[in-house]
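Trainee: Questions regarding the structure given below will be posed in turn.
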Amino acid sequence: MIDSQTISLILETARIEEVVSDFVSLKKRGTNLIGLCPFHNEKTPSFIVSPAKGIFKCFGCGKGGNSVQFVMEHEQLSYPDALRFLAKKYHIEIQEREISNEEQQQQDDRESMFAVNKFAQEYFSTNLHQHAEGVAVGKSYFFERGFREDVIKKFQLGYCLDNKTAFTQEALKNGYKKEFLERTGLSVFYENGYSDRFRGRVIFPVHTLTGKVVAFGGRILQKDKDKAKYVNSPESDIYHKSEELYGMFFAKNAIVKQNRCFLVEGYADVLSMYQAGVENVVASSGTSLTLGQIQKIKRFTDNITVIYDGDAAGIKASFRAIDLLLEAGMNVKMLLLPEGEDPDSYAQSHNADEVMTFINENQKDFIHFKASLLMSDKTMKNDPLKKVEIVNEIVRSIALISNKILLNEYVKECARLLDVKEETLYNEINRKKRKTFDEKNKTQLATQQEAKTPISYIYALTSDFEKQELAILYFLVRYGERKYHSLEQDAQPLTIASYIYNELKNDNIAFRNPLHQQFLTELEKMSVEQDVKFSRYFVNHQNPQIAQLSVELITDKYEVSKRFTQSVLDLQLEKEGLSAEEKQVLQERKKVEVQEQEFHFENWLFDSVYKSLMEYKKNIVAERIKEIRSEMKENPDSLSLLQEFDRLSHLQRELTKLLGQIIIR
């Protein structure tokens with residue numbers, strides 16, 4: 001048996017476009033990719049791959065799913081064997097065994113740690129916006145740094161009170177266990193008491209790709225030589241610093257849309273650039289760039305621009321990053337900011353157009369970047385040994401490139417730039433490649449098993465009830481994690497998943513279609529208020545029927561052209577020759593427009609969810625009334641039937657009023 005942690009790693013690592021492109025020729029179309037379906041004969045492409053959603057969908061034959069479902073269908077493998085197939089492709093080791101009671105407990109512990117982190121994030125955010133100390137100290141600091149209110153809220157920034165035990169006491173009071181407070185690093189326990197790790201610090205939550213809070217960074221605001229400027233969550237069962245990128249959850253859609261990622265160093269760099277309008281930006285959170293972090297970026301794009309400070313430390317870090325990125329198959333551009341500037345300060349003093357103009361005009365490919373820095377030493381021209389060092393440094397990077405065409409182009413450019421023969425460079429590259437090859441482990445992974453289990457994706461609706469159930473599932477899968485604000489006075493906001501679950505459970509309603517009911521059963525197993533992206537959860541479900549139907553529910557057949565979705569303000573902002581004042585006015589109006597659109601969308605969403613549930617209930621009531629009428633013909637004197645009829649008729653009228661409909665008798 002493959003444990004859930006390994007399954008999650010496979011699902012996070014496998015990029016749908018990479019998996020599919022091994023079997024299908026894909027072409028770019030908007031934010032998606034399109035090709036001829038491998039599952040049926042067609043001349044006009046109707047097979048869509050969405051990197052942002054991590055799914056494929058054919059509008060000809062109806063097949064769809066994530067990377068695992070594609071391999072299952074294409075290679076006719078079972079779910080476990082498809083996971084093994086992908087694990088082999090991405091060099092992920094699988095140690096198969098039965099999960100023990102202890103391992104099951106570990107999985108439960110992981111969920112508990114995420115729950116504690118979510119509580120902590122909400123506590124810190126509440127402090128920042130509502131507590132007197134948080135507003136006076138924490139929020140004023142963020143405002144002084146130039147961060148807007150909307151950015152502060154979007155990134156869920158917070159503040160931990162300058163009180164030794166305030167957070168820990170509140171967490172224990174709310175039922176969170178000491179064990180998980182300690183294991184997440186939120187609290188430090190010792191023999192005679194405990195203390196808050198982040199006391200007196202502003203808080204930067206770190207999110208997973210699915211939006212769960214996995215860790216925190218805290219910055220001290222007081223000048224104290226005895227205390228570190230930044231304190232971060234320690235490594236834990238759920239947090240591995242070398243695999244997380246700050247801001248990736250908020251940047252991933254923009255990265256896919258623009259097919260480029262900007263990599264910076266710190267929290268403030270991300271916030272300032274995002275605020276300036278450059279949303280496809282992530283940070284390595286103050287650590288040296290790692291292969292795990294690069295793989296996360298590579299899921300969404302192969303193009304990256306690394307932006308580091310222009311000091312000695314920044315230059316050293318950039319050289320190391322170049323080789324890692326090239327080895328991972330990334331297309332690398334480098335940018336050093338003017339002396340004394342960092343991405344935070346530069347973005348704060350320039351608007352989005354100015355930032356992008358500077359980047360586009362000053363970013364360099366790695367050869368020119370390395371050469372310009374290494375050749376800045378004026379003695380290089382008269383020192384053959386120095387020149388050899390420079391050539392070796394650049395060749396070492398070129399040798400890491402796997403794309404032969406790209407490698408050839410870089411060799412030509414390097415030969416021209418450094419006045420070295422191409423043949424000399426190729427000889428040195430081949431020598432380095434042979435050395436690298438000899439050092440690598442040549443052991444082959446185990447061949448995939450031959451057992452193959454075909455999966456049927458046939459699905460058809462047969463009744464009005466099933467169609468209404470499907471409408472409810474549409475909102476559950478697409479928008480389950482969004483907050484539902486009830487019109488009832490003093491009602492606490494719930495997620496849409498919670499609202500749907502409670503409405504059906506309170507009336508003892510089960511879906512009639514067995515597959516639809518499995519979605520509700522899943523809600524019973526999980527906490528519907530937990531921090532989870534429902535579309536991702538159901539699309540990646542081990543049950544192929546649940547996963548297949550989820551893909552149907554989140555897939556749009558047509559991608560609307562950008563021109564049809566642009567507003568008048570968007571078109572005005574694209575005009576050339578606008579003054580800074582005119583742009584600012586238009587951008588402010590655009591901000592209001594976006595807020596209004598979100599308001600109208602939420603109204604539509606809440607109204608649609610409510611009506612879908614009420615319609616479903618009304619039809620159940622109408623069906624039962626019809627049955628009672630039939631039963632009363634045979635037993636007209638039954639008091640119980642008459643009472644039930646009156647009760648349901650009254651309920652039917654109430655539901656009809658709520659839906660604004662008229663009963664025709």
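Trainee: Using only the alpha carbons of segment 600-665, determine the length spanned along each of the three principal axes and report them from longest to shortest in whole angstroms.
Mentor: For segment 600-665, the Cα spread along each principal axis is 52, 16, 16 Å.
Trainee: Per residue, how much accessible area does segment 227-279 show when a 1.4 Å probe rolls over the protein heavy atoms, in square angstrom?
Mentor: That works out to 37 Å² per residue.
Trainee: Same structure, new question: Would you mind calculating the gained length between LEU291 and ASP353 on full extension (0.36 nm times residue separation, minus the Cα-Cα distance), in nm to one decimal?
Mentor: Values: separation 62, 0.36 × 62 = 22.32 nm, distance 3.14 nm.
Roughly 19.2 nm would be gained on extension.
Trainee: I'd like the accessible area for ARG260, computed on protein heavy atoms only with a 1.4 Å probe and all protein chains in place. Round to 10 Å², please.
Mentor: The accessible area of ARG260 comes to roughly 50 Å².
Trainee: Between segment 110-150 and segment 38-58, how many Å separate their Cα centres?
Mentor: What the calculation gives is 43 Å, centre to centre.
Trainee: Taking a probe of 1.4 Å, how large is the accessible area per residue of segment 147-202, in Å²?
Mentor: Here the residues of segment 147-202 average 49 Å² of exposed surface.
Trainee: So which of LYS257/LYS298; LYS57/LYS467; LYS252/LYS404 end up more than 23 Å apart, counting from Cα to Cα?
Mentor: The pairs that break the limit, which is 23 Å between Cα atoms, are LYS252/LYS404.
Trainee: TYR141 versus LEU658, label points 7 Å from Cα toward the beta carbon: distance in nm?
Mentor: 4.8 nm
Trainee: Relative to the present Cα-Cα distance, how much length would full extension add between GLU191 and LYS633 at 0.36 nm per residue of separation?
Mentor: Length gained, GLU191 through LYS633: 151.4 nm.
Trainee: Could you pull out the GluC sites (Glu not before Pro) across segment 160-201 that fall in loop regions by DSSP (anything but H, G, I, E, B) with no more than 14 other Cβ atoms inside 10 Å?
Mentor: Passing sites in segment 160-201 are GLU191.
Trainee: What is the distance in Å between the Cα centroid of segment 178-204 and that of segment 258-298?
Mentor: The two parts, judged by their Cα centres, are 28 Å apart.
Trainee: If I take R0 = 30 Å and measure r between the Cβ atoms of SER649 and PHE599 in this structure, what FRET efficiency does the formula 1/(1 + (r/R0)^6) give, to the nearest 0.05?
Mentor: Efficiency for this residue pair is about 0.20.
Trainee: Probe radius 1.4 Å, ligands and nucleic acids ignored: give me the carbon and sulfur share of the accessible area of segment 171-210 as a rounded percent.
Mentor: Values: 790 of 1840 Å².
C and S fraction of accessible area: 43 percent.
Trainee: When only alpha-carbon atoms count, how far does segment 229-308 stretch along each of its three principal axes, as whole angstroms with the largest first?
Mentor: Largest first, segment 229-308 extends 33, 26, 20 Å along its Cα principal axes.
Trainee: Convex hull over the Cα atoms of segment 106-260, averaged projected area in nm²?
Mentor: Averaging across all directions leaves 10.7 nm² for the Cα convex hull.
Trainee: How many nm separate the modelled label positions at GLU413 and ASP150, each set 7 Å beyond the Cα in the direction of the Cβ?
Mentor: Those two pseudo-labels are separated by 3.7 nm.
Trainee: Residue separation times 0.36 nm, minus the C-alpha to C-alpha distance between LEU406 and LEU642: what's the value?
Mentor: Separation in residues times 0.36 nm, less the Cα-Cα distance, equals 76.8 nm.
Trainee: Based on the Cβ-Cβ distance of HIS40 and ASP464, what FRET efficiency does E = 1/(1 + (r/R0)^6) give at R0 = 45 Å, to the nearest 0.05?
Mentor: Values: r = 30 Å, r/R0 = 0.67.
Using R0 = 45 Å, I get an efficiency of 0.90.
The values are calculated or read from the model by the stated rules, or taken from the named source; none is laboratory data. Here the structure is a predicted model, which means the values were calculated and not measured. Note that each Cβ is placed from the backbone with ideal geometry, even for glycine, and that neighbours are counted across all protein chains shown. The area values use the complete protein model at the heavy-atom level, side chains included, leaving out ligands, DNA and RNA. Shrake-Rupley method; radii C 1.70, N 1.55, O 1.52, S 1.80 Å.
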